[in-house]
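**Student:** Here it is, the structure, as structure tokens.
Bear in mind that the values in this text are calculations on the coordinates, not laboratory data. Predicted, not measured: the structure shown is a model, and the values here were computed from it. A quick note on method: Cβ atoms are made from the backbone with ideal geometry, for glycine too, and the neighbour counts reach across all protein chains shown.
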Amino acid sequence: MRPIIIDVRTAAEYAVGHIEGAVNIPLDEIGARIRMLPDVDEDSPILLYCRVGARSAVAQAILEEQGYTRVPNGGSLSALSVRYPVSACPDS
């Protein structure tokens, strides 16, 4: 089962480029907005990433405190781009 991929960067960073199919939920909104995703519960696989891995580590801690059990920190966009395709900015 492919994980739900969440980009915790800002909307502006997401717009420049992101993992294809990733949902953008900025770090400061992750705790409140995670439950708004359809078909997501505490056992759903959720892969988090950001620019360098620091914000996604904070997001991981927030979700684990809320009871989510499968939320690995994928680290950076560049690290994940080896395994997942990236959508680039349409102007580039």
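**Student:** How tilted is helix 54-65 with respect to the longest principal axis of the chain? Cα atoms for both, answer in degrees (0 to 90, nearest 10).
**Tutor:** Helix 54-65 sits at roughly 20 degrees to that axis.
**Student:** Going 7 Å from the Cα of Ala15 toward and past its Cβ, which residues in region 36-51 have a backbone nitrogen under 18 Å from where you end up?
**Tutor:** Within reach of a label on Ala15: 51.
**Student:** Treating only the Cβ of Lys, Arg, Asp and Glu as charged (+1, +1, -1, -1), what charge dipole size does the chain show about its Cα centre? Round to the nearest 20 debye.
**Tutor:** Details: 8 positive and 12 negative charges, 50 e Å.
That gives the chain a dipole magnitude of about 240 debye.
**Student:** A further question follows. Under a plain spin-label model, where a point goes 7 Å from the Cα along Cα-to-Cβ, how far apart in nm are Arg33 and Val86?
**Tutor:** It is 2.1 nm.
**Student:** Something else: Tell me the net charge near Val40. Cut-off is 14 Å between Cβ atoms, Val40 excluded, with +1 for each Lys or Arg and -1 for each Asp or Glu.
**Tutor:** Details: positive: Arg2, Arg33, Arg35, Arg70; negative: Asp39, Asp41, Glu42, Asp43.
Summing Lys/Arg as +1 and Asp/Glu as -1 gives 0.
**Student:** Another one. Considering Cα pairs under 8 angstrom that are at least six residues apart, work out the relative contact order of the chain and quote it in whole percent.
**Tutor:** Computed over the chain, the figure is 33 percent.
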